[in-house]
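Data first, discussion second: the structure below is written as structure tokens.
Rule-based calculations on the coordinates, nothing more; no lab input. Being a predicted model, the structure only gives us computed values, none of them experimental.
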């Protein structure tokens, strides 16, 4: 085993992860894991069934629009801007429901 390979095997696990991966993981958990469960419950407590349906439809719209956003990001190289905008919009939406 060479010295370089030995040094690489002693690196901590987080040194192999890109810095932006954490932001994507948190955004993915919020949108895919937390919000779909919390939003209908929050709206149901203060609104009607139609409002719950509107909230769920808006979540599905985000899924449908993801290929369009991905194509824009690839074409114009605005990956960071779209990620920041998505995190900001998700934060605003969660704050408005709190």
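Relative to the longest principal axis of the Cα atoms of the chain, the long axis of helix 35-46 lies at roughly 20 degrees.
In degrees, nearest 10, range 0 to 90: what is the angle between the Cα axis of helix 79-97 and the longest Cα principal axis of the chain? Tilt of helix 79-97: around 40 degrees. Quick one: angle between helix 49-76 and the longest Cα principal axis of the chain, in degrees between 0 and 90, rounded to 10, please. Helix 49-76 sits at roughly 40 degrees to that axis. From Cα pairs below 8 angstrom and at least 6 apart in sequence, can you work out the relative contact order of the chain, rounded to a whole percent? Computed over the chain, the figure is 28 percent. This structure gives percent of Cα pairs over 19 Å apart, computed directly, and of (i) 52; (ii) 56; (iii) 45 that value is listed as (ii).
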